[in-house]
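The values are calculated or read from the model by the stated rules, or taken from the named source; none is laboratory data. Keep in mind the model is a prediction, meaning the values are calculated, not measured. All Cβ positions, glycine included, derive from the backbone under ideal geometry; neighbour counts span all protein chains shown. What goes into the accessible areas is simple: the full protein's heavy atoms, side chains included, and nothing from ligands, DNA or RNA. Shrake-Rupley method; radii C 1.70, N 1.55, O 1.52, S 1.80 Å.
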Amino acid sequence: MLELLPQQLVNGLALGSSYALIALGLTLVFGVLQIPNFPHGELYMLGASFTYVLVAYGMNFWVAVPIASLAVVIVGILLDQVGYRRIDTGGNLSLMISALAMSTVLQQVATLIWGAEPHTTLSPLPGVLRTAYFSIGYYQMLIFAATIACWLFVWVVLHRSRLGLAIRAMSQNKMAAQLMGIDLIWIRIATFAIGALIGGFAGSLLGASFPIYPTMGLNPVLKAFVILVIGGVGNLWGAIVGGFVLGILEILVSAYISSQLQDIGTFAVLVIVLIVRPNGLFGRAEVLR
Amino acid sequence: MLSIENLAAGYDRLEVLHDISIKVEEAGSVVVLGPNGAGKSTLCRAISGLLPCRHGKIVFDGKDMTGASPADRVRAGIVQVPEGRQVFPDMTVLENLRLGSWIHGEPKGPDLQKAFDLFPRLAERRNQNAGLMSGGEQQLLALARAMMARPSLLLLDEPTQGLSPVAIEQVATALISIRAQGVSILLVEQNLSLAEAVGERAYVLETGRCALEGPAAELLSSDAVAASYLGH
Amino acid sequence: MSLLSINAITQRFGGITALSDITMSVEEGTIHGLIGPNGAGKTTLINILSGLVKPSEGSMEFNGRQNGPWPMASAVQYGIVRTFQQTRVFMGLTARENLRIAHVAGAGDANADDLIEALALGDVLDRVAGELPYAVLRRLSLALALGLRPKLLLLDEPAVGLAPDEITKMAEVIRHFHGQGLTVLLVEHNMRFLMELASRVSVFVQGRLLFEGTPAECQNNPTVIDAYLGRGLKHVEH
Amino acid sequence: MKMMKTLLTAATFLSASAVGSFAENLTLGELHPVTGPASFYGLVMSQTLKLRAEQTNEKGGLDVGGTKYTLSIATGDDQAQATKGVAALRKLMTDDVHFIFGPLASAVAPAVKPIIDKQTDLLQIIDGSIADGVVNGKNSFRVQASADTYNNAVLNYLTENKVKSVAVMTDRSHQGFVMSEKRMGESIEKAGVKVTGLEHFQIGDTDFSAQLTNLRASMPDALVLRGYPGEGALITKQAEALGFKGQIVWEMGAPPSTVMKNIPSAQMDGVTNCIPRMMADYVRLNVPNALKLQEEFKKKYGEDPGENASFSNDAFWILTTAMQKAGSIKAPDVAKALTEMKVTDVPNLIIQYQPYENGLLFKDGQANPPSACQVWKGESWQNPPGDKIEMTTKN
Amino acid sequence: MKQEITFRWVIPAIVVLLAVIGIPFANDYLLYVATIIVLMSILAVSYDVLLGLTGYLSLAHGFLYGVGAYTTAYLTTNSGWGYWPALVASAVISGVMGTVIALVAFRTRGIYFAVLTLGIGLVGYQLFLVLEPITGGVGGFIGIPGLPSLPGFADAPQRNNLVIALLVLAVAYGASMLFLRSSIGAACLAVREDVVLAQSLGIRIGMARLCAFSFSAVFAGAAGSLFAAISNFVGPDDFSVMATGFQTVVYVVVGGMGTLWGPVLGAVLIVALPEILRGASTYAVFIYGLILLFFILFAPKGIAGFLLAAAKRMSRSGRVVISKEAEAR
C-alpha cells in the first residue's frame, strides 16, 4: 500500500485545499470580530448556487465566478447587520445561536428557491494530469492555486493596505482604533465583506466539482471550525496549514485504517489537540499577526 | 478653543463627573490634576467621545461636539493619548504611526520625519513590534502616534503613569516642544512636576467636581493641592 | 508578630517591570496602608498575594505557613481574602444569593446577621445586585469578602467613587471588623481616609518600596511628598 | 401556556378537518418526505398518489362492496427523519387513517415498524424504503424491492458479463445498502467473482480519492457504487480522474435529470445501473400503463413523474383493488385480500411483478419487482440491446 | 426575583394541571407529541443546570442522550434486563461518560469548549454508526420493549408513556431545584457570573462545574432511556449533534437560561411548533429558523424573560391601583 502514498498525499492536498479555502474566510471574521460565523457554510452554498444559476442561463463560468462572489458579499454584509451587530455585546452564546438560526434560514430559503436536489456546475477545466506516481485533475490544481491566491490576497490586504491596517488595529485594540479616528462600523463591514467574498468564491469554484444543495455547507463549516481550532483563531497561516493537515490526515485515515473511521479520525484529532493544547495548536494570541 | 460646560458623565448607574466646566484657549495648555478616583480618565473619555455625555455641552472650535463620534472628533482635531498608552502591541512602530495618521491617509514624509525628530528612539525601532518595547518607549510612541493626526488639541491621560523619572522627563520635553508648535494641550495628570512643566492653567478635580482653578504656577505651589493629595 | 511577610517579590509583564524586589511585612491586628501613584504596582501586589497571578520571583509567608503565594482557593482557605478595585459582585444575582455564595465558600458559620447589620444590607437582600446603587455594591462586595471570615483582608481602594458621607461609613465598617481582630492591607488613594485608619503605611513608587512608617512620618517625609506628587523634575527646560 | 392552548386548538382543528363528516369519504395516508433534503424523491410519490385519488373521484369514487367512496390523500411529512416520521404516523392514525403508503426513507421505516406491528386496524404498503426487516406480511406489505433484489440485479450483471473481480463502495448512512452489504459480498464471492475491496463513504462526502486510490490499486474489473446519485456522479468522476478504467456499476435510484445535473453526460457513457426496473424504464419499454401515467402526470404537474412514481402508482392500485376484492375497507380484511392477491388481479400496474407460487403478488408481504441493468447513453439510461420485458399483467 | 421564584412553582403546577386534565381526553398523536415534549423538557431542564448555571455551552449532550438510549436498548433487548434497572443503568453510564467528557473538556474555555464538545458529539455519533456489534450500526435497534405499565394504564400505552415521562420530568425538575439551592449550585452560579470573583471567594470552580456537567449527563441518559423504550426503536440519526445536541441548547436559550422552568417552555414551543406548522410544511423549518432568530435578537432572555417582565409590570400596576384605593379612603 505504501506505493500509493504519493497519490494519497496528493489526494490529501487536494482535499485540504478545499478545506483551507473555506476556513480562510471563517478565521478572518472570527479573528477580527470574534463572531463564530456558522452561516459561512451557507455563504459557500450561495456562491455555488449563484454560479450554477448564472452558468445555467448561459453565462461563461469565469464571468459568473466573480459576479456570484460579489453577490455573496452583499448577503454576508446583510447577515452581519441583521444578525450580529445588534447582539455584539451579548456574548458568545447569543452570537452562536444567532449564527445557527441564520444558517437554518438561509438553507431553507435556498430550498424554497432551488429545491433540495443536488446539482453540479459543469467543470470548466476537465482533464487530468497523469504522472508516474500520481494523477491530479487540472481543476484540483486550480483550486489549490486559488487557495494560495486567496491567502495571499488576504495577507496583502491585511499587511499591505490601509484597510488591513485598520482591521488589524481593530482586532488588537478597539478603543485605541477609535481614537485614531477609524470608523469601526465600516471596518466591520469590510471584514465581513472579505470573509464573505472568500466564502462565496470558495463555493463558486468548488460548486464545479462538488454537488450543490442547500445543506452542502454544513460539513465543510464543521471541518473549518476544526481547522480554526487546530490552526489558531484568526491565524491565516494556521487556516492554510490546518486545512492541509486535516485533508491529508483524513485521506491517510481513510486509506490506511478504514474509510468508516474517516470522520472519527478527524474529530478525534481535534479532541486530542485540545486536550494537549487547550488554546489550539498554534495558540490563541496569534490573532492576525 | 475647547469649552466644556456643565459636563456630567459616568458608567451604568455610577455618575463619576458632575457639573464640570473647563476651558482651553487657542494654543493654550491646561492641566487637570487630581488624585485617583477623582474622575480624570472619565473626563478624557468624555471629551474624546468614548463615553457619552449625560449632561452639559462640549464645544470645540465653535462647533458643538457633544454628540459627535470619536472619529468625528479626531477629524475635528481632538486627539487623545489614552491612559495606559494603548499602543497596538502586535504591530510595528511604523504601523502604529501609520494608524496615527489614519484620518489624513498614508503618512507624509515630513510628518514621519517630525515624529522621528521628536523621538529619535522610535526611528531606530521603526520595525520592532510595539508590545516588546519598554513602558517609557511605548508612551513616547503613543505620543508620536497622536501627533501623526496633526491635532489642534492634544488630550493626554496620565502619560507619566508607571514611568521612571528619566522617561517622565522625556515626555515633558516632548510636550514642551509640541506646545511650541502651537498645539493646544489638555493634560490630565497626577504627577505635579509634569503639570508644572507644561501647564498654564490648572484645574483640580476632587470626587468628580472641580475643587480648584487658577493659573498653574500659583495653584501648584499652593498647599491646597498637596492637601488634596496627601490628606493633610 | 508578623502575620504576612513578603520576601523579594518581583513581577514582570513583557518589557515592563511592575514590581521589583519587594520585601515587607504586615503585623497581626494592624491596618497597614499601601500608597503610591498610579501604576506603582499596588494592585499587582494584591493580585500576587491573593493568588490571582504568580510572581516572576519571590515568596511569601503567612500565619506561619511557608512557600506562598498559593492558588486562590488555598489562599482563601488559609485566611487571605481580597476585594477588587472595580466593584465586583455577582451582578445577575440577588444580594442574598451573593452572600450565600460567600458564606457557603467560607470555612465556618459566619455571623451573617452581624455582617448584614454592620454593612446595612438588610433592606436590599432580595434585589438583584445589578440594580443596586453603587455605594451599596461597594458594601456588598466587602460583605462577600468578610463573609469568609478572613484573617487578612486585602482591600483594593474601598473608598473609590464614594461620596464623603459614604466614605465615613466605609471607614466605620472597616474599623468595626478590625475591632474583631481582622488584619487589613489597605490600598487607597484617598489619603484622608487612609491616614485615619492605618497605623503603618508603605509607599510604592514604580514598583519599588520607597518608604515605610507611620502615617504622620509619610505625610512629612520630603522624598515621599516629592515622589507622590511627582515633584523633583529638575532637568526639564522651560 | 398560550402556546399549549394554540397547540391543542390547532391539533383539534386539523384532526377535525381531516376526518371529514361524510360516511362515503375514505382517507388514505402517506408517509413521504415532501419537505427537507429528500423531498425531491418524496414529492413525486405524493403527487402520484394524489393524481390517482383525484382520477378515481372523478369517475365517481371507489366502489367497495356497493358503496362509493370519495378518496382523499392525507400527507404525513416525515422529512426522512425517524422521530418526525413517528409523529406523522401517529397523527395520521389519530385522524382515523387506516391505510398508509410509504415510507420512502430507510431511516423512517424501522422507526415506524414497532408502531405498525402493534396495530390491528392499520395497513401499510411500503413504496420506497428498501430497509431490511421492515415487512411483516400481516399488516405491512412492500411493493418496492428489497435490498436483496437490488443486490441480485448487480450479481446477475457480474455473472452475465463474466466479471472476474469487483470492488464495492457503499454509502454507510443508507440502512438498506449497509445492512445487506455482507450478504451481498458473500453471494458475489459464492458466484465466483472476487471481491477486491469493500469501502465506504457517507452521504454529503465530497472526496472519495482515498478509497478510490486503494480500490484502483486492487485492480478490479468493475466498481459497484451503492448510494445516491449525487455521490454516485462524483465518485464516477473522481474514479476516472484517478485512472480507473474498469466498468462502473451503479446500484441506486438515479433519475437521469439528477444524474445530468451532476456529471457531464459524456462522462457517464457506458456506466451501468443495476436496480429494479423503475418508471423511466417501463416508459422506454413502452409499457402502456407507464406511458399513461407519464402523460397524465405531465399534464397535471408539468414534469416527468420521476423514478419512484411507478411504485406509488402501483401501491395505489394494489390497495384499492384489494379493498374491492375484500369488499371492505377494514384493514384486516384488506390485508387478507392482499395476501391472496395474484399479480393478474390488479389492472393498471406499471411494474411487471414476477409472481410467486400460484401467481401470488406477495410472499411474506414482499412483492417481487423485476430488476435489470440499464446503460447510460447520450442523455439517459438506455435498455441494453435485446432487453425486453416479460408482461405479467394485463395492460 | 420574587416573581421568578413564584414561576418556579407556577409553571410546573400548570404542567401537572394540564396533564391531569388533558391526559384522559387527548388522542394518541397529542399524547405522543406531549411525550416527546416531556422528554425534551427533561433534557432541557437538566441541561440548564449546566448551561444556565455555569455558562458552559456543551454540544456533546446529543451523544449522552444517545448513550442512555443505546444502553437501554442493549440491556432490554440483548441482555433481557427489565426496564427500571435499565433506566438506572442508562443514567449511571451516561453520567459516568459525561464525567469523563467533562474532565477532558473543562481543560478548555469559551469557544474552545464549545468546539471541543462539538468534536466529541460528532465522534460519538460516528461511534453509534461504527460500533455495530453494540449499537446495530445504521440499522439501530428494532423491537425494544416498551415501558412497563403503571397500575391503571395497562390498556393505554400512550398515556402510560406520558405519565412515566412526566414522573421522570418531575424527578429531574426537583433534582435540578435541589442542585440550584445546594452549595454546589451556588458555586456554579458564582462561576457563571464572575470566575475571578468566584475564585477570590475560595470556590473550587473545577469541582462545581464538573458536578453540573455530570448532573446534566445523568438526566440526558435518563431521557435517552425513555426515548428508546417509547419509540421501541433506536437509530443513530436522533443523536447527531445537529439533531438533539444543538436542539437542547435552543430549548434552553429560547426558554430562558438559568430559570429551569423557562427551558421547559422552550421545549414546549420548539417541539410543538413544527407540529403546529405541519399544515405549512414547506415553510415550517424556515419559520422555525426565523422564530429562533427573533428570540435571540429581540428577546435574549427567552420566554422566561418575557413572562418575568410581564409579571413585573402587572404587579407594579397592581400596586398602583391599591395605593390609589388607599388614597381614596
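May I ask you to rank A:C150, E:C211 by accessible area, largest first, using a 1.4 Å probe over the protein chains only?
E:C211, A:C150
Going down the list D:K91/D:K300; D:K84/E:K301; D:K162/D:K194; B:K23/B:K57, which pairs span over 20 Å between their C-alpha atoms?
From the list (D:K91/D:K300; D:K84/E:K301; D:K162/D:K194; B:K23/B:K57), the Cα-Cα distance tops 20 Å for D:K91/D:K300; D:K84/E:K301.
What lysines does B:K114 reach when the alpha-carbon gap must be under 28 Å and sequence neighbours fewer than 8 apart in one chain are set aside?
Excluding near neighbours in sequence, the set is A:K174, C:K234.
To the nearest whole number, what is the average tally of beta carbon atoms from other chains within 10 Å of the beta carbons of peptide E:23-33? Show your work: numbers first, answer last.
Working: counts 0, 0, 1, 3, 9, 6, 12, 8, 2, 9, 6.
Mean shielding by partner chains, rounded to a whole number: 5.
Determine which aspartates and glutamates satisfy two conditions relative to D:K245: a Cα distance under 17 Å, and not lying fewer than 8 residues away in the same chain.
List returned: D:D221, D:D269.
Taking +1 at the Cβ of each Lys and Arg and -1 at the Cβ of each Asp and Glu, which of C:I174, C:N220, C:Q66 sits farthest along the dipole of chain C towards its positive end, judged by Cα position relative to the Cα centre?
Positive-end residue among those listed: C:Q66.
If you average the alpha carbon positions of the range C:1-42 and of the range D:181-202, how far apart do those two centres end up, in angstrom?
That distance is 76 Å.
Which value, in square angstrom to the nearest 100, describes the accessible area buried between chains E and D on both sides, using a 1.4 angstrom probe?
Buried area (both sides, nearest 100 Å²): 3000 Å².
Residue farthest toward the positive end of the dipole of the protein assembly as shown, with Cβ of Lys/Arg at +1 and Asp/Glu at -1: which of E:T72, E:V10, A:G90?
It is E:T72, whose Cα lies furthest towards the positive end.
Which of D:T393, E:S231, A:Q260 sits closest to the plus end of the dipole of the protein assembly as shown, meaning its Cα is farthest towards the positive end, when Lys and Arg get +1 and Asp and Glu get -1 on the C-beta?
D:T393
Along the Cα→Cβ direction, 7 angstrom out, place labels at E:I14 and D:N25. What is the inter-label distance in nm?
Result for the modelled spin labels: 3.3 nm.
To the nearest 20 debye, what is the magnitude of the charge dipole of the range D:148-275 about its Cα centre, counting +1 on the Cβ of each Lys and Arg and -1 on the Cβ of each Asp and Glu?
So the dipole magnitude of the range D:148-275 works out to roughly 200 debye.
Across every pair of different alpha-carbon atoms, what Kirkwood hydrodynamic radius in Å does chain D reach?
Hydrodynamic radius (Kirkwood, Cα pairs) of chain D is 21.7 Å.
Using a 1.4 Å probe on the protein heavy atoms, what percent of the accessible area of chain C belongs to carbon and sulfur?
Numbers: 4520 of 9640 Å².
C and S atoms contribute 47 percent here.
Send over the semi-axes of the range E:34-119's equivalent ellipsoid, whole angstrom and largest first, taken as the square roots of 5 times the C-alpha gyration tensor eigenvalues.
Computed over the range E:34-119, the values are 26, 15, 10 Å.
With the radius of gyration and the Kirkwood radius both derived from the Cα set of the range E:212-251, what is their ratio Rg to Rh? Provide the component values of the computation, followed by the final result.
Working: Rg = 10.7 Å, Rh = 10.9 Å.
Taking Rh as the inverse mean 1/r over Cα pairs, Rg/Rh reads 0.98.
Whole-Å semi-axes of the range D:207-255's equivalent ellipsoid, largest first, each the root of 5 times a Cα gyration tensor eigenvalue? Mind showing how you got there, number by number?
Details: eigenvalues 62, 26, 14 Å².
Square roots of five times the eigenvalues give 18, 11, 8 Å.
If you wrap a convex hull around the C-alpha atoms of chain A and split its volume per residue, what is the figure in Å³?
133
To the nearest 20 debye, what charge dipole does the range B:88-149 have about its Cα centre, counting +1 at the Cβ of each Lys and Arg and -1 at the Cβ of each Asp and Glu?
Details: 7 positive and 7 negative charges, 17 e Å.
Magnitude of the dipole: close to 80 debye.
Over all directions, how big on average is the projection of the convex hull of the alpha-carbon atoms in the protein assembly as shown, in square nanometres?
Hull-based average projected area comes out at 61.7 nm².
I'm a student and want to see the number: the projected area of the Cα convex hull of the range D:148-275, averaged over all directions, in nm².
If you wrap the Cα atoms of the range D:148-275 in a convex hull and average its projections, you get 6.7 nm².
Over all alpha-carbon pairs in the range A:1-102, figure out the percentage whose distance exceeds 19 Å.
In whole percent, the share of Cα-Cα pairs in the range A:1-102 beyond 19 Å is 55.
Just for the protein assembly as shown, what percent of DSSP beta bridges are antiparallel, to the closest 5?
45
Tell me, what is the FRET efficiency for A:R85 and E:S315 to the nearest 0.05, using R0 = 41 angstrom and their Cβ-Cβ distance as r?
Once the sixth-power term is evaluated, E becomes 0.75.
Eigenvalues of the Cα gyration tensor times 5, then square-rooted: what semi-axes does that give for chain B, in whole angstrom, largest first?
Output for chain B: semi-axes of 28, 21, 16 Å.
Project the alpha carbons of the range B:1-124 onto their principal axes and report the range along each, largest first, in whole Å.
45, 31, 24
Cα axis of helix E:157-181 to longest principal axis of chain E: angle in degrees, 0 to 90, nearest 10?
Once rounded, the angle reads 60 degrees.
Rounded to the nearest whole Å³, what is the per residue volume of the convex hull around the Cα atoms of the range C:104-196?
In the range C:104-196, the Cα convex hull volume per residue is 105 Å³.
Give me the dipole magnitude in Debye, nearest 20, for chain D about the Cα centre, with unit charges on the beta carbon: positive for Lys and Arg, negative for Asp and Glu.
The calculated dipole for chain D is roughly 260 debye.
Quick one: helix E:261-276 against the long Cα principal axis of chain E, what's the angle to the nearest 10°, folded into 0 to 90?
60
Averaged over every viewing direction, what's the projected area of the C-alpha convex hull for the range D:321-365? Give it in nm², one decimal, please.
3.1
So what are the three principal axis dimensions of chain E from its Cα atoms, in whole Å, longest to shortest?
If we take the Cα atoms of chain E, the spans are 77, 54, 42 Å.
Give the Rg (one decimal place) followed by the Dmax (whole number) of the range D:46-134, computed from C-alpha coordinates and expressed in Å.
That works out to 14.0, 40 Å for Rg and Dmax.
DSSP H helices in chain D with Cα extent of 24 Å or more along the helix axis and mean Kyte-Doolittle hydropathy at least -0.5?
D:2-19, D:39-58, D:309-326
Solvent-accessible area per residue for the range E:2-328 at a 1.4 Å probe radius, Å²?
36
Ignoring ligands, DNA and RNA, what accessible area per residue does the range B:88-149 give at 1.4 Å, in Å²?
Value returned for the range B:88-149: 37 Å² of accessible area per residue.
Can you work out the base-10 log of I(q)/I(0) for the range B:88-149 at q = 0.15 1/Å, using the Debye formula on its C-alpha atoms alone?
Result of the Debye calculation: -0.35.
For the range D:148-275, with every protein chain kept in place, what is the accessible area per residue (1.4 Å probe, Å²)?
Counting only protein heavy atoms, the per-residue value for the range D:148-275 is 33 Å².
For D:K68, which aspartates and glutamates qualify as cross-link partners when the Cα separation must be under 16 Å and same-chain residues fewer than eight apart are set aside?
Once the sequence-local aspartates and glutamates are set aside, what remains near D:K68 is D:E24, D:E54, D:E58.
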